[in-house]
Amino acid sequence: MRQGLRRAGAQGAAAAAPLLVALSFLLSAVGAQVAGVLDDCLCDIDSIDNFNTYKIFPKIKKLQERDYFRYYKVNLKRPCPFWAEDGHCSIKDCHVEPCPESKIPVGIKAGHSNKYLKVANNTKELEDCEQANKLGAINSTLSNQSKEAFIDWARYDDSQDHFCELDDERSPAAQYVDLLLNPERYTGYKGTSAWRVWNSIYEENCFKPRSVYRPLNPLAPSRGEDNGESFYTWLEGLCLEKRVFYKLISGLHASINLHLCANYLLEETWGKPSWGPNIKEFKRRFDPVETKGEGPRRLKNLYFLYLIELRALSKVAPYFERSIVDLYTGNVEEDADTKTLLLNIFQDTKSFPMHFDEKSMFAGDKKGAKSLKEEFRLHFKNISRIMDCVGCDKCRLWGKLQTQGLGTALKILFSEKEIQKLPENSPSKGFQLTRQEIVALLNAFGRLSTSIRELQNFKVLLQHSRCHCM
């Protein structure tokens, strides 16, 4: 019997050895390749990790729990403008539960999409607007200043500076969603439908000729030992603006994949699902060997995207620092606390010492720079439209929110002059943000902050798994 136990022990050790080697290699490879200074900027990954962990993540997580930021109005029924959508989720958790009207704070549901300014938050005005059921109309009880502001807002919303296709919040199909009750996580949405969405984004909107094949693209012909080198040779030959565009999309894709790995359906017993991190899924998506070196590159693009949105928050701070701006829900005390917390986050973003320099973009001759910027904007706007082709409601919700958040960040980065001219005590006639854009901006950055935190957690889990195998 002892001999049998020794044989069993030896067999167990032999079986564990390959797993131990694989986990050890994955941990060292991810640590070694997702490190150092990022391309196209002067910031290192360790600095971002520490800044996010100790300054940003705890505060942004708390902010996302506040009423102003947890309710997001979205139209999940807009038809796909490019093809007949035929995808569906494989599990029920793809469903999005809209928020009952009774649960929405009165200051959010009764106001105009831009109604976060103190001049527009008189209780009587809110009641009149709600009673009239004219959410987009200019109420006759408003002051002349407020009327002028609303007209300016409407005119601004019709302008051509948006990087995203915005949902019409007045549409009967638009509904409020409680983001805390509909978290982003694995839904089982995959296959042809999901692949077609990402393929359309990369192949048709990232300035790439069809003769250049993206790494891990299943349609790419066999290219021997190329391992994507020809693609990256092409990418490095692009101008800065087009390289940045690709990295933003790749970083967003990596962030979404990290969320799915970290909130994976591990098991379901008696109808009660158990969600948690899935190391095997993380390895499949990011392991240097399984992805032929592509996984670590994508994770570095996640950090680059984080830097872009961090820079946008630091630039837009003056907009919210004005006394006229009030993140209004109807709960005066909570609203004041929410703004204080938001301003505290902005102060942290401004203290970061290694920001991306957006002035290096679109800096050529004026005519060429203007044309390139417009091409950049239209390509990204097209990607926001593709989000209506996602066949899973929960994936569509978070895809639309994070795309809109990034689009809002880009709008901010390229509106510096307008932000500098903001009046202190009156509505702006230039730069404006709708409540929808504000909620998307902060939640999208919150998702990136969470992704970086989750990447740190996976490194710890890999270390623990290696120790356990030993």
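Among (1) open to solvent by 20 Å² or more (accessible area, probe 1.4 Å); (2) closer than 30 Å to GLU375 by Cα; (3) among the hydrophobic types (A, V, I, L, M, F, W, C), there is one condition ALA317 misses while meeting the rest; what is its number?
All conditions pass for ALA317, except number (1).
Every residue in segment 263-295 that is of a type in the set (S, T, N, Q) and surrounded by 14 or more Cβ atoms within 10 Å (Cβ to Cβ), please.
Within segment 263-295, the first condition is being of a type in the set (S, T, N, Q), and the residues that meet it are 263, 269, 274, 278, 291.
Hits for segment 263-295 are ASN263, ASN278, THR291.
Scan segment 185-203 residue by residue and report those that are open to solvent by 20 Å² or more (accessible area, probe 1.4 Å) and in contact (Cβ under 8 Å) with a residue 60 or more places away in the chain. Outline the logic, then answer.
Looking only at segment 185-203, we keep the residues that are open to solvent by 20 Å² or more (accessible area, probe 1.4 Å), and these are 185-186, 189-192, 195-196, 198-199, 203.
Result: ARG185, TYR186, TYR189, LYS190, GLY191, THR192, ARG196.
Could you please find all residues in segment 314-356 being closer than 30 Å to ASP44 by Cα and among the hydrophobic types (A, V, I, L, M, F, W, C)?
Those that are closer than 30 Å to ASP44 by Cα and among the hydrophobic types (A, V, I, L, M, F, W, C): VAL316, ALA317, PHE320, LEU341, LEU342, LEU343, ILE345, PHE346, PHE352, MET354, PHE356.
Inside segment 91-106, can you point out the residues that are without any contact (Cβ under 8 Å) to a residue 12 or more places away in the chain and basic (Lys, Arg)?
LYS92
Which numbered condition trips up GLY188, out of (1) in contact with a strand residue (DSSP E or B) (Cβ under 7 Å, 6 or more places away or on another chain); (2) under 26 Å from TRP83 (Cβ atoms); (3) modelled with pLDDT under 90?
Evaluating GLY188 over (1) in contact with a strand residue (DSSP E or B) (Cβ under 7 Å, 6 or more places away or on another chain); (2) under 26 Å from TRP83 (Cβ atoms); (3) modelled with pLDDT under 90 leaves (1) as the failure.
Let me spell it out: the conditions are (1) in contact with a helix residue (DSSP H, G or I) (Cβ under 6 Å, 6 or more places away or on another chain); (2) open to solvent by 30 Å² or more (accessible area, probe 1.4 Å); (3) not in a helix (DSSP H, G or I), and ARG298 meets all of them except one. Which number is the exception?
(3)
Looking for whichever is under 21 Å from GLU437 (Cβ atoms) and touching a Phe, Trp or Tyr at 6+ places or on another chain (Cβ under 8 Å) here; the options are ALA262, ALA317. Which one fits?
Within the list ALA262, ALA317, the selection yields ALA317.
Looking only at segment 355-375, count every residue that is open to solvent by 50 Å² or more (accessible area, probe 1.4 Å) and either assigned to a loop (DSSP other than H, G, I, E, B) or within 20 Å of LEU313 (Cα to Cα) (or both) and tell me the total. Walk me through it before giving the result.
So in segment 355-375, the residues open to solvent by 50 Å² or more (accessible area, probe 1.4 Å) come out as 357, 359-360, 363-367, 370-371, 373-375.
Of the ones still in play, those that are also either assigned to a loop (DSSP other than H, G, I, E, B) or within 20 Å of LEU313 (Cα to Cα) (or both) are 357, 359-360, 363-365.
Final tally of qualifying residues: 6.
Go over the candidates GLN402, GLN347 one by one and state the one that is assigned to a helix (DSSP H, G or I), open to solvent by 10 Å² or more (accessible area, probe 1.4 Å) and under 24 Å from ARG70 (Cβ atoms).
After applying the criteria, what remains is GLN347.
Tell me which residues, restricted to segment 424-470, are open to solvent by 10 Å² or more (accessible area, probe 1.4 Å) and either without any contact (Cβ under 8 Å) to a residue 60 or more places away in the chain or small (Gly, Ala, Ser) (or both).
Across segment 424-470, the qualifying residues are SER426, GLY430, VAL460, HIS464, SER465, CYS467, HIS468.
Yes/no per residue for (1) under 30 Å from ARG243 (Cα atoms); (2) within 20 Å of the chain's Cα centre (by Cα); (3) open to solvent by 20 Å² or more (accessible area, probe 1.4 Å); (4) at pLDDT 60 or above:
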site: GLN64; (1), (2), (3), (4): no, yes, yes, yes
site: PHE69; (1), (2), (3), (4): no, yes, no, yes
site: PRO79; (1), (2), (3), (4): no, no, yes, yes
site: ILE91; (1), (2), (3), (4): no, no, yes, yes
site: PRO100; (1), (2), (3), (4): no, no, yes, yes
site: LYS118; (1), (2), (3), (4): no, no, yes, no
site: ASP128; (1), (2), (3), (4): no, no, yes, no
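The values are calculated or read from the model by the stated rules, or taken from the named source; none is laboratory data. Computed from a predicted structure; not experimentally measured. Neighbour counts run over all protein chains shown; Cβ positions are idealised from the backbone, glycine included. For accessibility, only protein heavy atoms count, side chains too; no ligands or nucleic acids. Shrake-Rupley method; radii C 1.70, N 1.55, O 1.52, S 1.80 Å.
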